[in-house]
Amino acid sequence: MASEITVNLVSADREIWSGQAEMVVAKTTVGEIGLLAGHEPMLAVLVAGEIRITSASGNVKAVTEDGGFLSMESDVVTVVVRDAQLVS
């Protein structure tokens with residue numbers, strides 16, 4: 001089994017999704033980025049679009065219209081957006 005990362009997808013007023021995942025993919029101002037366990041620490045500005053989370057329990061997809069930012073450190077990914085909707 002692949003190493004996992006902890007993912008927290010939040011807005012200013014609520015938690016949208018959190019849990020263990022194998023990968024996170026999001027659109028940044030310089031292109032799409034994929035994050036796996038062991039990725040170096042980073043901070044990125046997100047643009048409107050999809051945030052895809054691959055977890056053992058299934059794939060999670062969220063859509064944001066306003067962007068936000070993403071940080072990763074010590075296998076913990078925090079995604080902060082103005083608002084996002086989970087889609088199936």
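Computed values, structure above
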| item | result |
| --- | --- |
| Every residue from segment 68-88 that is under 17 Å from residue 28 (Cα atoms) and touching a Phe, Trp or Tyr at 6+ places or on another chain (Cβ under 7 Å) | 80 |
| Selection count, segment 60-74, where residues are modelled with pLDDT of 95 or more, buried (at least 16 other Cβ atoms within 10 Å of the Cβ) and on the phi > 0 side of the Ramachandran plot | 1 |
| Failed item, numbered, when residue 57 is tested on (1) under 20 Å from residue 83 (Cα atoms); (2) in contact with a strand residue (DSSP E or B) (Cβ under 8 Å, 6 or more places away or on another chain); (3) not hydrophobic (A, V, I, L, M, F, W, C) | (1) |
| Residue 81 closer than 12 Å to residue 9 by Cα, surrounded by fewer than 20 Cβ atoms within 10 Å (Cβ to Cβ) and over 9 Å from the mean Cα position of the chain (by Cα) | no |
| Segment 1-13, residues that are of a type in the set (A, V, I, L, M) and exposed (fewer than 15 other Cβ atoms within 10 Å of the Cβ) | 1, 2, 12 |
| Residues (surrounded by 15 or more Cβ atoms within 10 Å (Cβ to Cβ), over 14 Å from residue 5 (Cα atoms) and touching a residue at least 24 places away in the same chain (Cβ under 8 Å)) located in segment 43-59 | 44, 46, 51 |
| Residues being loosely packed, with under 11 Cβ neighbours inside 10 Å and either in contact (Cβ under 8 Å) with a residue 24 or more places away in the chain or on the phi < 0 side of the Ramachandran plot (or both) - total across segment 14-42 | 7 |
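The values are calculated or read from the model by the stated rules, or taken from the named source; none is laboratory data. As the structure is a computational prediction, the values presented were derived from the model and not from experiment. Counting neighbours? That spans all protein chains shown, and the Cβs are built from the backbone with ideal geometry, glycine included.
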